[in-house]
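Presented below is the structure to which this report refers.
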Amino acid sequence: MKRLPGLAPLAALTLALALGEGCTSDDPNGVGTGLSPVGMDSVLVPVTLTNLSHYGALNVTNTQVPLDEREVLYLGSDGNDASSIVVTYDFSTLPNAEWTEDLLAAGNIINVRLRMYLLTWYNRNHGANTDTTNLPNRYWPGARKIYRVFRLAAPVDTLSFPGAEPAFAGVSVDSFVATRYEDLYPKNDLIEIPIYVDKAAEWLAERGRISFLIREEVDPIVGTDPGLLGFASKEMVHGGSTLADIYAGNSIGPTLLINTTRVPDIAGVPDPDLVIRPVADVSTWHALEEPPATPATGILFRTHMRSYPVLGFDLSDTDLVPRNVRINRAELTLVTDTTRVSGPAQVLVASEIEPDVVPPGVAVVALADLEPATFVVGGRSGLNPEDAASDIIAINVTSSVQRFLNGAYAGSRVFLLTEGESFFTGWRANPSPDFWFRRRWFYGTDDADPAHRPRLKIVYSRESELDEVRP
Amino acid sequence: MKRLALAALLLVASGARAQNPFALVGPGQDVAQGSARVAARGGWGMAEADTLSPTFVNPAALGDLHHLALLFGGYAESSEAAGHGVARRSNRTFLPEVRLALPLRDGRLTLHAGFSTRRSLQYRTQVDTTWSQPDGTGIAGYERLIREGSFFRVPLGLGWRASSWLALGAEVDLVRGVAREELAQVTADPEFSGEPNSRIEERVFSGVTGTFAVLLQPLTPLSLGASYSLAHDADQDRTLSLGGVGGWVESRSTVHLPDEARAGLQLDLGESWQVGGDAKLARWSRFTGIPEWEEAVRDEWTVAFGVERKLRFQPMGRGHVSPWRAGYTWRRGGYEVNGAPVDERIWSVGTGFPLARRQGTIDVGLSYFTLGNEADNGWRTRGWRLALSVTGLERLIF
């Protein structure tokens, strides 16, 4: 091969130059500003849309977790929502090897209590009893309660709820009056209703299934406070996060405790109570405010008994929002009616959904059908009803509005507002929205104060040369 | 080794990322430089007919070559741009010139080709900005402009020694260019945190022109050279898009690029010294096709002259006498800034070193330059350039 002495240094030098080509410099700054005519026609133009082009209210059913399998039983009333508890015990399993017939005789029974486990969030300070300096001042369900227990004429099918309370006799088995929780129960998490002993002896003697209705009542003489409280059901599995104690050894759910004079000889358990656990329990939700058919007077967002609103805005007016603009910011804003909120902190997730899936007005849809129809846009978490900072909720929907204007979809899309459902990765779903009863009403489109109305605020920038191009 | 050279050649196609603020205007800044030898003596070379260190300035002069010749020319630059109370320093390397000439008939006819960067449009700015809102509030952020791109030529031509006093040259030049401008408006206001704007406009130019050249040597000490590149149309494929927006503008149109005339002379002062000068005129005022550029362009002319002590070899292989060069360039750029012309002045010196067995030279040149002035243009740039080129010769490579 012929030697090429002239090319060797050439190639080496060239490669070195090429590899070294580039620059180092001070960071870009204002040097040269104004020399280029490049600019945009309009920048950061604000527009606010307040007219809803689409409104829907979805009452969402969840066949995977029917009402009688929910972990929480709700008792009491709040606004136009009210629920009692129906609980069924099976006395046919008694007597047994430990609790023999003579032990169950009326003469041997000292007292009977119906124990319920209150979720600690409903305590004063949501369970932080040692701290009395920060009492909740909004949505406090009240300190004085009357709960009454009624035996029902026949066992009740829990699948009949939500629905009307079952008919009950005019005289209760007994009543429970609490003047203040902390007076009776320093920990506030156990509610025990005394039961007439002779009645309990009759139930034991009947040896069958008996259903009871536990309901909140109002006693104007005592001066009780209506309020909606949550108690553990027999399906409770989230006790560690919502109950002060899991109460191992007891059933979680409304439980009958029978204290007797003579007791069975159970190894390691001195002076045991007879514990009768429920075979069924359910919240009645005999009163549940329906979402309005129009958004004029208010917009309802609710979990446990899910009701999710759907909002759409008309972006077709090119005078308001021209085509082919860059959406710098778009916020869907809702203002809370603070007099109509209930329950713990919420998550609010906005998703895109086809209008056909969520027709105007009130509709019923299965939760399983929502998952494939939604596309998450954004949301807010930690919406504490007791925190004024959560009263005005603005969700960033910038990317969504940009997609709408880009014609990314064959049809239009509207916004569905939900809790953090399990299929929304990244948003809280434990416990699921089946657990807590949370309710938040937003002001409607006809509210007297324009600042209260739902709105879509858009800030866009424009290059008008793009106006005539696709889409 | 050929593969190494080829890889290097491909790499040089990337544009340099430095520049000065005047590259933001119209067709950008003239960065054509040729070899370091030419740069060191001020830029003249139209009348040069050296076959040991060919300059490639005048294609007609290449007809004299006896050997295959390769030229790689680049430079490093350190500059400071300033104006309106702010300054910015840049350091860069740049490789604008790669040329090859292949004798088809020894000393009579030569084929040549190459790659030559002619103009650069690279610069970026960033300034803090507040965009006012109708309610009187402002949204804070910053605005960043990035301009990048270049114009370059790929010449393919012939040089022909017609007679002892006349040489002719002709070439076809593929003219290519890219101009990309990205405006980014970023909102940094924590109360807003919106999506930034990015407006991107890209132009791709593609055209062909022709260049004709002549080299006259009517008298022994005097040489004259001239060339003329035709004005021509070039296709412009333009794309305008806005970040996040589904639609964009695409269009094809024609731009009219100017003709370019060069002329020069060289006078030998005995065996050791020579002086010369060139003048170049590019009639950018005739540019059409981009209204924003048309508002800024004007004719660009360059005057260059200098002196050179020639490289000489001692008899019997007893070494050589090193060359020395000095020169001056005055260029009035092809655009106006603040309604005033932009002048570039360059003072240069340099030398060179022969390769073994007279197979080429390595040349270096050091220049100090000024570009624009704050009083007239609002901005100015000052700096140093170190040019380096290698001209390699090879006999019978093919």
Relative intensity, log₁₀ I(q)/I(0), of segment B:145-247 from a Debye sum that treats every alpha carbon as a point, q = 0.19 Å⁻¹: -0.96
Projected-area mean, chain B, by convex hull of Cα positions, square nanometres: 22.2 nm²
For chain B, built as a Gaussian network whose Cα springs stay under 10 Å, the top-fluctuating residue of B:Thr329, B:Thr381, B:Thr129: B:Thr129
Euclidean distance of C-alpha centroids, segment B:147-194 and segment B:50-121, integer Å: 14 Å
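Return the calculated 222 nm mean residue ellipticity for chain B, to the nearest 500 deg cm²/dmol, obtained by summing -39500 (n - 2.57) across DSSP H runs with n ≥ 4 and dividing by the residue count.
-1500 deg cm²/dmol
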For B:85-95, mean number of other protein chain Cβ atoms within 10 Å: 5
Amide H contacts of B:Leu355 (H built 1.01 Å from N, under 5 Å, at least 5 apart or other chain): B:Gly360, B:Thr361, B:Ile362
Farthest toward positive dipole pole in segment B:139-239 [+1 Lys/Arg, -1 Asp/Glu at C-beta], among B:Gln236, B:Pro190, B:Val214: B:Val214
Shielding by partners - mean other protein chain Cβ count within 10 Å, residues of A:459-469: 6
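Once you wrap a convex hull around the alpha carbon atoms of segment B:179-302, what is its projected area averaged over all directions, in nm²? Don't skip to the end; give the middle numbers.
Working: hull surface 50.0 nm².
Over all viewing directions, segment B:179-302 projects a mean Cα-hull area of 12.5 nm².
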Note, ³J(HN,Hα) from phi for segment A:327-334, Karplus 6.51, -1.76, 1.60, rounded to Hz, x at Gly and Pro: 7, 6, 7, 9, 10, 8, 10, 10
Chain B: most fluctuating residue of B:Val364, B:Val214, B:Val255 per GNM, C-alpha cutoff 10 Å: B:Val255
Cα-based equivalent ellipsoid, segment A:279-378: semi-axes from gyration tensor eigenvalues, Å: 31, 17, 14
Chain B: most fluctuating residue of B:Val245, B:Val337, B:Val297 per GNM, C-alpha cutoff 10 Å: B:Val245
Centroid-to-centroid separation of segment A:378-400 and segment A:33-85 [C-alpha atoms, Å]: 9 Å
Mean Cβ count within 10 Å, highest first, over the residues of peptides A:385-398, B:300-313: B:300-313, A:385-398
Normalised per residue, the volume of the convex hull around the Cα set of the protein assembly as shown (Å³): 245 Å³
Spatial separation of Cα centroids for segment B:290-367 and segment A:439-471, in angstrom: 62 Å
Summed side-chain charge close to B:Arg88 - residues other than B:Arg88 whose Cβ falls under 9 Å, Lys, Arg +1, Asp, Glu -1: -2
Karplus (6.51, -1.76, 1.60) ³J(HN,Hα), θ = phi - 60°, over segment A:268-285, in Hz, Gly and Pro reported as x: x, 10, x, 6, x, 8, 7, 9, 10, 9, x, 9, 7, 8, 7, 8, 7, 6
Cut-off 17 Å (backbone N to label point 7 Å along Cα→Cβ of B:Glu80), residues of segment B:91-125: B:91-92
Summed side-chain charge close to B:Ala340 - residues other than B:Ala340 whose Cβ falls under 13 Å, Lys, Arg +1, Asp, Glu -1: -1
Relative packing of B:61-68, B:272-279, which averages over residues the other C-beta atoms within 10 Å, highest first: B:61-68, B:272-279
Theoretical FRET efficiency, 1/(1+(r/R0)^6), r = Cβ-Cβ of B:Asn338 and A:Ser316, R0 56 Å, to 0.05: 0.75
Distance in nm between pseudo-label sites at A:Glu386 and A:Ala105 (7 Å out along the Cβ direction from Cα): 5.2 nm
Projected label distance in nm at B:Ser251 and A:Ala410, using a 7 Å step from Cα toward the beta-carbon: 3.5 nm
Intensity falloff of chain A expressed as log10 I(q)/I(0), Debye formula with alpha-carbon point scatterers, at q = 0.10, 0.12 Å⁻¹: -0.82, -1.05
Signed unit charges on C-beta, dipole axis of segment A:382-433, positive-most listed residue A:Thr398, A:Asn384, A:Ser422: A:Thr398
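Among A:316-325, A:206-215, A:278-287, what's the highest-first ranking by average C-beta atoms within 10 angstrom per residue?
A:278-287, A:206-215, A:316-325
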Residues listed by number, segment B:329-371, amide nitrogen under 20 Å from B:Leu269 label point at 7 Å toward C-beta: B:329-330, B:347-352, B:366
Ellipsoid semi-axes in whole angstrom, largest first, where each is sqrt(5λ) of the Cα gyration tensor of segment A:302-453: 25, 19, 14
Longest to shortest principal axis, alpha-carbon extents of segment B:272-340, angstrom: 63, 21, 14
Calculated [θ] (222 nm, deg cm²/dmol) that DSSP helices of n ≥ 4 give over chain A, each run adding -39,500 (n - 2.57): -2500 deg cm²/dmol
For segment A:23-99, projected area of the alpha-carbon convex hull averaged over all directions, nm²: 19.4 nm²
Lysine pairs with alpha-carbon atoms under 28 Å apart, the protein assembly as shown, spacing 8 or more or separate chains: 7
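Laboratory data are not the source of any read-out in this text; all were calculated from the coordinates shown. Remember, predicted model here, so these are calculated numbers, not experimental data. Here Cβ is always computed from backbone atoms with ideal geometry, including for glycine, and neighbour counts include all displayed protein chains.
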